[in-house]
Structure formats: structure tokens, C-alpha cells
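The values are calculated or read from the model by the stated rules, or taken from the named source; none is laboratory data. Every value quoted in this text rests on a predicted model; they were computed, and no experiment measured them. Methodologically, a virtual Cβ is constructed for each residue, glycine included, from the backbone with ideal geometry; neighbour enumeration extends over all protein chains shown.
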Amino acid sequence: MAEATSTKPYLLRALYEWCVDNGFTPYLSVIVDSSTRVPMEYVRDGEIVLNMGPLATSRITMGNESIECTARFAGVARELSIPVAQVAAIYARENGQGMSFEVGASPGPVSNAVAPHLKAIDPSVDATEEPTPPPKPGKPTLRRVK
């Protein structure tokens, strides 16, 4: 019997669509490796958090193996290529709802939480500006469980 396709790319697309449909800003947390093409000057501790909203990106393609788009960093358009296997989480900036995943592992989510220490890097904002503050206490947040 053939191995089943991972659910991860399907869940990423579904949560991205849910964020956009509800007026939320989808953020991706990505663990950067040699196959990840992102501006390295924005990588912190091997991780980058990207604003993937329609206003911050263009020509976004979310395939089963990679996510590709053009995004602005400090006003300069950059081509991004993110292996689906390297995506640690997708969540809505406004309320923290989303899902986290094991990086490099095949199927399925680990939990529905992201690490509270993640720093959002908004490609549409100049890098010298402060990142968006985390959601207010009392609202659900995501945390990554290892």
C-alpha cells in the first residue's frame, strides 16, 4: 500500500483561507534550513515569522511541497520559497488561532498552539519598526509543543 500524502499542506491552505476569509492576517512560523529561501537578515534563532496576508504578499502559491510568493521587506520585493516541511505554525495575528506542526516530520499537526515567544516580522513594515505585540491576555494563543 502506498504511503498517504501528508495532511500538512492541506491544513496550511485551509487555515490560510480561513484567516483571509475572516479578515485576519495569516502568519507563518518557519524553521529556516538550507532549502528555505527567505531574507536571512530577518531570521532569528533559525526561525522567521512571515506575514502572508494578501496585502503583504503577491503571487502566492501553496503547493504540497513548497510555498512560494513575493513579499516586501523594508520596501524591497523578495522572492520566497518555503518548504512545507519547514513550516512550524500558521496562525491569525489578531487572535492567535491556528495550528502548529512538527518540522521535518511527515503528517499531521502536533497541537493547536504556537510558542508565545515568536516575534512577528511583518514584511510590509520597515524592519526598524517594532513587531506587532502579542495578543492581549485572556485571548487564545498558540504555542509550539516539541
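Tabulated results
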quantity: Count - residues of the range 77-87 that are part of a strand (DSSP E or B) and either in contact (Cβ under 8 Å) with a residue 60 or more places away in the chain or surrounded by fewer than 17 Cβ atoms within 10 Å (Cβ to Cβ) (or both); calculated: 5
quantity: Enumeration of residues in the range 1-37 that are touching a helix residue (DSSP H, G or I) at 6+ places or on another chain (Cβ under 9 Å) and either in a helix (DSSP H, G or I) or surrounded by fewer than 15 Cβ atoms within 10 Å (Cβ to Cβ) (or both); calculated: 8, 9, 12, 33, 35
quantity: Test result for residue 103, of a type outside the set (D, E, K, R), modelled with pLDDT under 95, part of a strand (DSSP E or B) and surrounded by 15 or more Cβ atoms within 10 Å (Cβ to Cβ); calculated: no
quantity: Some residue of the range 58-79 being in contact with a Pro (Cβ under 9 Å, 6 or more places away or on another chain) and among the aromatic types (Phe, Trp, Tyr); calculated: yes
quantity: Options 94, 68; residue that is in a loop (DSSP other than H, G, I, E, B), at pLDDT 90 or above and among the charged types (D, E, K, R); calculated: 94
